[in-house]
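Worksheet: the structure to be examined is printed underneath.
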There are 2 protein chains.
Amino acid sequence: MHHAADILYTLFAIFVAAQIGAEIAQRLKLPGVVGEIVAGCAIGPSALGLVTPEGIVAGTPLDVLAEIGVVLLLFAVGLETRLDELKKVGRSALLVGVLGVIVPFVLGALWAHGSGFEWTRSLFVAAAFVATSAGITARVLQELGALSRLEARVILGAAVIDDILAMLLLGVVTSLQGGEGVNVAGLAFVLVQAIGFVVVIGWVGTRVMRARGHWLEHPINPLSPLTIVLAICLGLAWLSTGFGLAAIIGAFLAGMIASEVPQREELEHQMQPLLALLTPFFFVVTGAKIDLSVFASAGALWMLAAATLVAIASKLIGGWLGALPLGRRGALIVGVGMVPRGEVGVVIASLGLAAGVFTQQIYAVIVAMSLLTSIVTPPVLSLLLRRSPPVQAPD
Amino acid sequence: MHHAADILYTLFAIFVAAQIGAEIAQRLKLPGVVGEIVAGCAIGPSALGLVTPEGIVAGTPLDVLAEIGVVLLLFAVGLETRLDELKKVGRSALLVGVLGVIVPFVLGALWAHGSGFEWTRSLFVAAAFVATSAGITARVLQELGALSRLEARVILGAAVIDDILAMLLLGVVTSLQGGEGVNVAGLAFVLVQAIGFVVVIGWVGTRVMRARGHWLEHPINPLSPLTIVLAICLGLAWLSTGFGLAAIIGAFLAGMIASEVPQREELEHQMQPLLALLTPFFFVVTGAKIDLSVFASAGALWMLAAATLVAIASKLIGGWLGALPLGRRGALIVGVGMVPRGEVGVVIASLGLAAGVFTQQIYAVIVAMSLLTSIVTPPVLSLLLRRSPPVQAPD
């Protein structure tokens, strides 16, 4: 009984903190998500301590709720994205995805080597600079009702490509670190698998849904289209982890498939309460992971500042270059939208720490850098989107 | 990453199993909840083993999701129940609650003593026969759209009173078992606290909401009434555990308070997707807790049959007697509605096992009895409600 009381208290505290944070942020004309992340930082181990570090490691109830929250968020984003519209921006998305991986990887490796790491370690550090986390940007785009903009589609398409490349890169640096040669055939197989997964699910899934969408009407359950697409969402989120991709990629694909059904608008409507309850857990837990105490020394602070600068500049340049065909303003929006690293950088840093490649300090720097990019992006992106004319994607 | 994959797979499996179970049950003209519980039994440790016993103990992610599910369910039920309507059935609810505790306690103690337990142990066993779990009945009533019926209101009111009395009784038998005398002053204090909590929250809460409901419009968040009442729901669920009551009692009170706001219908609508996603976890986890292997021996099976019979008959008699002013048919519906014991009996059995009062066998019997009452009730209740004229409660 006492355990139930503790967890209910934590859920209550997190939910209320998120609401207060989002409300304050929005009154300051900032995206609500910034307030939720800062609220997480405030109730986390660094400040109020309502959430403990042990309470948010992988596999805890809060971690699982956060995961469900971000999976549902990307599902809802997918629901507002149709495959046909995504295909129109395919070339731009591919360029943004590829350049947005290469530039951060090269600049990250140079910075790490310049900071005194040997080359193989530097490549591992650089890998943590690569992967964009679509969650933060998706939430900002959604809050501003900007998901139908051309730039939004390029960002979402690029995020899928980005995730595939980041996974490959992680495979490369892990085998380099292990002293093995790079197994090109093995990596090619992984690449083909991942691309195959995305293409088959995206292409076949949408086609099946268009042709057989009326099957969703068959069950007795009055909430049937919703329950079936939620099952597809959970299933594809799980499947995509089996192909080495992030769960949110599968959830996004599931949403895109579900956007083909006639009940699409009803589904979008029904997703709102689910997002309202569950996404705050993702953003608060993200904020709670920031450990401010590591940065008591000036040396660590400088290192963090440098890493964050390299992370932001490299992704901005890569994304901007890739998106230049959209015009300068559009390219800037895409570049900024690709900046957040979120949990993927954190995962790579944890692997590095576990493998003994990273020191505690560089680990803390990478984690804080990943989260800082997530805090810095929303206000800038929000400002850019409000100020630039809403160029709608061609329908 | 692998942990995330495992939990996503489990969530997917549970959700799909629940949908299939509910669909089959409804096609067989049974309430969907029966299908969800049976699905849990099927994917649980006794059969397919997709859910392990360690995966559903208190504090695991699945347990927390199940708890959130049943808390939201009782909140939604509260949303369809107004204090004024509940007050009209106050006398009947009180009678049903009190007799529905006394009869099972007395018959349970007699049965346990007759089965060879000494008196103090028999009283502990009897305590596990007492507490009605409102979740199952509430779900059946909601599925059939019967929450506005007179009998439904009596059942819900009685469930609150029942929970207060069960908590007191547990205090009494625990101190008897510990060899201490019963501390009457202490118990009276506990009783006053619990009643005070329910009355203050119910009475003051509804009054504040009626007078100040327009405050819910103030936040910028477009989903604001929903997010605020969800926060109240989590807060009261947690608070009620602090007063020794079940979390679902607080959630029910929160829903009743929220039913006073002008946006009540919109809130009911918005709760549907939340219930669709989260309540299946409660019912599947309930089913997964049934360990069929304990009942391989004829002796254990007989004991279970006897315990279940005593549990059903005693609650039926108590509830029926209390509800006789509603007429015979109404009294029968109320009696049947009070039968499910659900997780409260399981909690008491766990306490008994931990304190060394219960053997493994009587523990397994009590757990299985609690769950059997939950499986048996929905079809009977559903049949009774469909066959008897829908006597609406006076408005």
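The values are calculated or read from the model by the stated rules, or taken from the named source; none is laboratory data. These numbers come from a predicted model, not from an experiment. Counting neighbours? That spans all protein chains shown, and the Cβs are built from the backbone with ideal geometry, glycine included. All accessible areas refer to the heavy atoms of the entire protein, side chains included, with ligands and DNA or RNA removed. Shrake-Rupley method; radii C 1.70, N 1.55, O 1.52, S 1.80 Å.
Just a few scattered comments:
- Hits in the range A:63-112 - residues which are within 14 Å of chain B (Cβ to nearest Cβ) and of a type in the set (D, E, K, R): A:63, A:67
- Scope the range A:48-60; condition within 19 Å of residue A:246 (Cα to Cα) and in contact with a helix residue (DSSP H, G or I) (Cβ under 6 Å, 6 or more places away or on another chain); matching residues: A:56, A:58, A:59
- Within the range B:133-161, being hydroxyl-bearing (Ser, Thr, Tyr) and either outside any helix (DSSP H, G or I) or farther than 18 Å from residue B:272 by Cα (or both) holds for B:133, B:148.
- Flag for residue B:83 being among the aliphatic types (A, V, I, L, M) and either under 19 Å from the mean Cα position of the chain (by Cα) or closer than 21 Å to residue A:5 by Cα (or both): no
- Verdict on residue B:117 being in a helix (DSSP H, G or I) and aromatic (Phe, Trp, Tyr): no
- Any chance residue B:160 is of a type in the set (A, V, I, L, M) and farther than 27 Å from residue B:22 by Cβ: yes
- So residue B:331, is it without any contact (Cβ under 8 Å) to a residue 60 or more places away in the chain and within 14 Å of chain A (Cβ to nearest Cβ): no
- Criterion: in contact with a Gly (Cβ under 8 Å, 6 or more places away or on another chain) and farther than 19 Å from residue B:98 by Cα - qualifying residue of B:369, B:338: B:369
- Selected residue (criterion: surrounded by the fewest Cβ atoms within 10 Å (Cβ to Cβ)) from residues of the range B:183-218 that are farther than 17 Å from residue B:84 by Cβ and touching a Pro at 6+ places or on another chain (Cβ under 9 Å): B:214
- Selection within the range B:325-355: residues that are more than 15 Å from the chain's Cα centre (by Cα), open to solvent by 10 Å² or more (accessible area, probe 1.4 Å) and at pLDDT 80 or above. The member of this set that is nearest to residue B:306 (Cα to Cα) is B:332.
- Close contacts from the range B:174-194, counting a first residue that is part of a helix (DSSP H, G or I) and a second that is open to solvent by 50 Å² or more (accessible area, probe 1.4 Å) and at pLDDT 75 or above, with Cβ to Cβ under 6 Å and a gap of 6+ residues or different chains, come to B:176/B:120; B:177/B:120; B:193/B:243; B:194/B:243.
- The residues listed here are B:359, B:373; of these, the one that is more than 14 Å from chain A (Cβ to nearest Cβ), among the polar types (S, T, N, Q) and without any contact (Cβ under 8 Å) to a residue 24 or more places away in the chain is B:359.
- Residue in the range B:55-62 that is facing chain A (nearest Cβ under 7 Å), surrounded by fewer than 20 Cβ atoms within 10 Å (Cβ to Cβ) and modelled with pLDDT under 90 present: yes
- Verdict on residue A:165 being at pLDDT 80 or above, of a type outside the set (Phe, Trp, Tyr) and within 24 Å of residue A:119 (Cβ to Cβ): yes
- When the test is whether a residue is in contact with a Phe, Trp or Tyr (Cβ under 9 Å, 6 or more places away or on another chain), farther than 21 Å from residue B:80 by Cβ and not polar (S, T, N, Q), residue B:235 does not pass it.
- Just one residue in the set A:317, A:375 is modelled with pLDDT of 80 or more, under 15 Å from the mean Cα position of the chain (by Cα) and surrounded by fewer than 22 Cβ atoms within 10 Å (Cβ to Cβ); that residue is A:375.
Quick grid of which residues meet (1) closer than 21 Å to residue A:316 by Cα; (2) at pLDDT 90 or above:
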residue	(1), (2)
A:131	yes, no
A:141	yes, yes
A:156	yes, yes
A:177	no, no
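- Residues within the range A:45-54 that are open to solvent by less than 10 Å² (accessible area, probe 1.4 Å) and either modelled with pLDDT of 90 or more or within 14 Å of chain B (Cβ to nearest Cβ) (or both), tallied: 0
- Evaluating residue A:243 against the criteria (1) more than 21 Å from residue B:23 (Cβ to Cβ); (2) in contact with a Leu (Cβ under 6 Å, 6 or more places away or on another chain) leaves one unmet condition, (2).
- Qualifying residue in the range B:65-80 (condition: out of contact with any helix residue (DSSP H, G or I) (no Cβ under 6 Å at 6 or more places or on another chain) and open to solvent by 60 Å² or more (accessible area, probe 1.4 Å)): no
- Number of residues in the range B:6-44 that are open to solvent by less than 20 Å² (accessible area, probe 1.4 Å) and either within 11 Å of another protein chain (Cβ to nearest Cβ) or not β-branched (Val, Ile, Thr) (or both) equals 17.
- If you go through the range B:118-131 and keep only what is open to solvent by 10 Å² or more (accessible area, probe 1.4 Å) and either in contact (Cβ under 8 Å) with a residue 60 or more places away in the chain or under 11 Å from residue B:345 (Cα atoms) (or both), you end up with just B:121.
- Filter result (β-branched (Val, Ile, Thr) and part of a helix (DSSP H, G or I)) within the range B:323-369: B:333, B:334, B:336, B:344, B:346, B:347, B:348, B:362, B:365, B:366, B:367
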